Amino acid sequence: LRALPVMIALAHSLYAQTQGDIEGTVKYAELALELSPEEDSYNHAMAAVTLGTAYWERGDLDGAQRALSVWMNYCQKVGNIIFAVATGAYLAEIIVAQGRLREAERIYKQFIQLASTHDQVRHVTSNLYLGLGLLCHEQGDQQSAAQHLCKSGELGEQTALNDWPYRWRLAQARLKEAEGD
């Protein structure tokens, strides 16, 4: 029964999220996070990921980074490498938006390395390679950019990530724009 208030707050938060109510999502996810002790790692992590996405949606990049880091640490701790790797791409994207490009590059590479040690997660690395490719392009390293984007294209055809086609097309448009097209 001790977890019941946390579960209720999480339910309210998820309901607010489905209704597009970012402030309600934040309010109830913060409450769930406050009510859930770290020992209740599942509910604590669920509150953190819900809060992280809501913070990101409202533009609070620092809050989103902190909350998604809690989620990723939980995923790694319990062996859910697929979710950790998939979230790594989003965390790096947030860090890019904060202007910390070297740190973002380190995050992309860290999670690509983690994925390489687990065969079952290869299909969720397409966003990592895509983000790293765009980062290399932005830094003027066209050869590395081409390699990473090619790898993303190969993996993207088999990905389980439903946002990859959108991200891929957006990346292609950015590249065309940079070429003056």
(Q) Can you bin every Cα-Cα distance in the chain into 5 Å intervals starting at zero and give me the percent of pairs per bin, rounded to whole numbers? (A) 1, 9, 15, 18, 18, 15, 11, 7, 3, 1, 0, 0, 0
Q. Ignoring any ligand, DNA or RNA, what whole percent of the accessible area of the stretch 73-156 comes from carbon and sulfur when the probe is 1.4 angstrom?
A. 51
Q. Which order do PHE111, PHE83 take by accessible area at a 1.4 Å probe, largest first?
A. PHE83, PHE111
Q. Any idea which of ALA145, SER126, ALA92 is furthest toward the positive side of the dipole for the stretch 87-181, if Lys and Arg beta-carbons carry +1 and Asp and Glu beta-carbons -1?
A. ALA92
Q) Roughly speaking, what is the stretch gain from ASP62 to GLN147, that is 0.36 nm per residue apart minus the C-alpha to C-alpha distance, in nm to one decimal? A) 27.5 nm
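The values are calculated or read from the model by the stated rules, or taken from the named source; none is laboratory data. Note that the structure is predicted; figures quoted are calculated from it, not measured. For neighbour counting, all protein chains shown are included, and Cβ atoms are generated from backbone atoms with ideal geometry for every residue, glycine included. Remember, those area values only see protein heavy atoms, side chains included, never the ligands or the DNA or RNA. Shrake-Rupley method; radii C 1.70, N 1.55, O 1.52, S 1.80 Å.
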